[in-house]
Structure formats: C-alpha cells, structure tokens
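A.B. asks: One structure is given below, represented as structure tokens, and several questions about it will come after.
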Amino acid sequence: MQHYPKSIRNLIQNLAKLPGVGEKTAERLAIHILRRPQNEAEHLAQSILAVKQSVRLCASCYGLSDAEHCHICENPARDPAILCVVEQPADMIAIEKSSAFGGMYHILGGALAPMEGVGPEDLRIGELLERVTSKGIKEVILATGTSVEGESTAAFIAQQLSGSDVRVTRIASGVPVGGDLKYIDKMTLKCALDGRHVL
Ligand SMILES: [Zn+2]
C-alpha cells in the first residue's frame, strides 16, 4: 500500500470501505480504474454522485425512485388494485426479481418494534390506510418479514383493515420463521406469494 502514490492509496482506502471489498480487492479495482480510459472513470464517478443526488422516495409507494413516482407506480400494465406491503425497498426489489407479482407496492420503512421504540406512527401505516380507502384497493398482501416484528406488523395492519371491504392476505409457505425477504430465493418467494392466505 505505502508503495503507491498518495492518490492511488486514497482510492484504495475509499474502495475498501465498500461492503465485501477487502484491501486486496480494493487494490485490484484501483489499478483497473487507473488503466481504463478517462471517460470510463468519469462515468463511474458520475454514477456514484447521481445516486446520491437524484434518488428519492416515490410519492406513492415510498420505494426508491429517480422521479416523483417510480417506474413501477407509473407502469400502466400493473394492477393498481392490489397492494403488496413490505418493510424496506430491498424487499420490494427481491419480490420484483421473482416476477411473481404484478400489482403495486407500499413500503412501510420498517416493522413495529415496541422494545426499540418503533410504533405505528413511525411507519407509513397511516399512508397505507389512506391509500387503501382513497385508491380503491381490493387486496392488500402483507409481505412483511416472518420475524416477530414482521408478524406483529402484519397482524396490526390486518386489524386496522378488518372493518373494510379490502381482502387482506398474508404470504405464507416457504418463508422461514425469522426470515428476511431479501435473502430468500426467487422460487420460494413466488410460492410464498402464490400461497398467500386471507387473514
Ligand atoms: Zn412507486
């Protein structure tokens, strides 16, 4: 490391901060970047800045978006009457990768965790209830995780929606207890969605 000029050392140190990148990999990446043409390095640097500058939360589903509404909410081919409720944007991406779902999403921003001081008002549950009543939603699929927090969040939302006409379902089979949706393989997620049951 100390044999490199300062600018290269600096790049290695910054790359090594990325998850899963050790110093050896960081060194290899830095040398690779050094060898590539100027415009390639510029594109890389600009794309890193662009995610920080332009990515925001979609005004409808609260997923990650470059515009006011994300490409999923803007897609006319998707069914606007079915809402899949997840904890985090990464869960939505995991379900999208499974290609098992053609409706819309609602991202809560976490799960209920009273011990850690996370109550219903800290999640986008109010926004969800408002969306369900104002947008003519017919089915709400509760796809929160199967941890204690995920289960109690699903139970809480189901209870909040119990008086309404909306069909409330919960993903079931195949999702291991304590499981985090983003680590579950595509097929298991597809089975979990197909095998959802009414609450
Ligand atoms: Zn959206």
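A.B. asks: So, of the residues in region 38-64 that are within 16 Å of the ligand (Cβ to nearest atom) and loosely packed, with under 12 Cβ neighbours inside 10 Å, which turns out to be nearest to the chain's Cα centre (by Cα)?
C.D. replies: Checking each candidate, the answer is VAL55.
A.B. asks: Looking only at region 172-199, filter to residues that are part of a loop (DSSP other than H, G, I, E, B) and within 14 Å of PHE101 (Cα to Cα); which one of those is modelled with the highest pLDDT?
C.D. replies: This residue is ARG196.
A.B. asks: Within region 71-94, identify whether any single residue is of a type in the set (Asp, Glu), more than 30 Å from LYS135 (Cβ to Cβ) and in a helix (DSSP H, G or I), and answer yes or no.
C.D. replies: Scanning region 71-94 turns up no residue that is of a type in the set (Asp, Glu), more than 30 Å from LYS135 (Cβ to Cβ) and in a helix (DSSP H, G or I).
A.B. asks: To continue, here is another question. Looking only at residues in region 18-69 that are among the small types (Gly, Ala, Ser) and in contact with an Asp or Glu (Cβ under 7 Å, 6 or more places away or on another chain), which one is nearest to GLY126 (Cα to Cα)?
C.D. replies: Here the residue is ALA59.
A.B. asks: Given the options ALA111, ALA100, ALA67, ALA81, name the one that is within 13 Å of the ligand (Cβ to nearest atom) and farther than 30 Å from ILE12 by Cα.
C.D. replies: None of the others qualify; the one that does is ALA67.
Conditions tested, residue by residue: (1) in contact (Cβ under 8 Å) with a residue 12 or more places away in the chain; (2) within 14 Å of the ligand (Cβ to nearest atom).
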position: LYS6; (1), (2): no, no
position: LEU15; (1), (2): yes, no
position: ILE33; (1), (2): yes, no
position: PRO76; (1), (2): no, yes
position: GLU87; (1), (2): yes, no
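The values are calculated or read from the model by the stated rules, or taken from the named source; none is laboratory data. Predicted, not measured: the structure shown is a model, and the values here were computed from it. Positions of Cβ are backbone-derived with ideal geometry, glycine not excepted, and every protein chain shown enters the neighbour counts.
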